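A.B. asks: I'd like to ask you about the structure that follows.
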Amino acid sequence: MMKILALFATLLFTASALPAQDITEGEKAFCFGAVEVIQSEALSEERTLNIYLPSGYSPDSAANYPVIYLLDGSAHEDFLHIAGLVQFMNMYELLPKSIVVGIANVDRYRDFTHPTTDPEDLKALPAGGGSEKFINFLEKELQPFIEKNYKTNGQKTIIGQSMGGLLATEILLKKPYLFDDYIIVSPSLWWDKQSLVNQADAIFKANMDLKKKVFVSLGKEHPVMHEVADKLVDAIKNSGNENITLFYEPILDEGHATILHIAVYKAFRMMNGTVGH
């Protein structure tokens, strides 16, 4: 498990180390989205939001839009390529025009993990265990802010990879009403000796009225990653709940670092019925 933690730390450092592009005299900045900063009481800190608005968006229009909430949504992480993917798919009518809200990270290991009793987890990520506060931020501060200030239609999707996939799964199991569609990629469900995914079977069977779309994917990764993803998928399949639409799409020619873009593309097409369009 320590090797998995070391891999995640390396990937996070690599993403954080990407240089910013300076604008020289005479050049103009290319604006792709808006940046909002909100003060979070739940987290006791400011949080930055990167927001993409679809072509034709206007505060004066009668049109309202679904919202895609992206974990790891910093400008140097996943925001630009996921928002660009949404723009591309909108252009070819493969996805409804959507608002993308990228939630920039402060400490993803703190925010995306629930408390653990595993000594290895505690040693590797001593600041972990803050997901309850982060979920409260999503529910009580972020979503109300977006719904108040932007033209939304109530349809909400969450995208999470790795530790973000762990958080997205926690929300699906504990507060599923927060989102309609869940895109869960390479979820780190090994955390806390797999305690979260080990509850999934009982939780799904106890909530037979749950109506969601859930997309799960992972690449060619550590065997434990496949084990826990299979547990999540099997819990949904064995629940007997026909209201949950499950899409399970392993992409075994990709790895942990390269899977997100293609997985989200597949998720958007499959969940919106545009495969083969």
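A.B. asks: Could you pull out the residue among Tyr92, Tyr69, Tyr57 that is surrounded by fewer than 20 Cβ atoms within 10 Å (Cβ to Cβ), of a type in the set (Ser, Thr, Tyr) and over 12 Å from Phe268 (Cβ atoms)?
C.D. replies: Going through Tyr92, Tyr69, Tyr57 in turn, just one is surrounded by fewer than 20 Cβ atoms within 10 Å (Cβ to Cβ), of a type in the set (Ser, Thr, Tyr) and over 12 Å from Phe268 (Cβ atoms): Tyr57.
A.B. asks: Failed condition for Ala62, given (1) over 17 Å from Lys148 (Cα atoms); (2) part of a loop (DSSP other than H, G, I, E, B), with all others met?
C.D. replies: Checking Ala62 against (1) over 17 Å from Lys148 (Cα atoms); (2) part of a loop (DSSP other than H, G, I, E, B), the one that fails is (1).
A.B. asks: A further question on this structure: Please go through segment 107-161 and give me each residue that is touching a residue at least 60 places away in the same chain (Cβ under 8 Å), aliphatic (A, V, I, L, M) and in a helix (DSSP H, G or I), ordered by number.
C.D. replies: Residues satisfying the conditions are Ala124, Leu138, Leu142, Ile146.
A.B. asks: So Leu173 clears everything in (1) within 18 Å of Leu232 (Cα to Cα); (2) in contact with a Lys or Arg (Cβ under 9 Å, 6 or more places away or on another chain) except one condition, right? Which one?
C.D. replies: Failed condition: (2).
A.B. asks: Out of everything in segment 201-218 that is within 24 Å of Ile68 (Cβ to Cβ) and among the aliphatic types (A, V, I, L, M), what residue ends up being farthest from the chain's Cα centre (by Cα)?
C.D. replies: Leu210
A.B. asks: Let me ask something additional. I'd like to check which helices (runs of 4 or more DSSP H) are fully inside segment 162-214 and have at least 1 residues that are touching a residue at least 60 places away in the same chain (Cβ under 8 Å), surrounded by fewer than 16 Cβ atoms within 10 Å (Cβ to Cβ) and not hydroxyl-bearing (Ser, Thr, Tyr).
C.D. replies: Passing ranges, in order: 191-198.
A.B. asks: Filter segment 218-270 for residues that are among the hydroxyl-bearing types (Ser, Thr, Tyr) and touching a strand residue (DSSP E or B) at 6+ places or on another chain (Cβ under 9 Å) and give the result.
C.D. replies: Thr245, Tyr248
No lab work stands behind these numbers, since they all come straight from the coordinates. Only a predicted model underlies this, so the values are computations on that prediction, with no experimental measurement involved. Every residue, glycine as well, gets a Cβ built from its backbone with ideal geometry; the counts of neighbours run over all protein chains shown.
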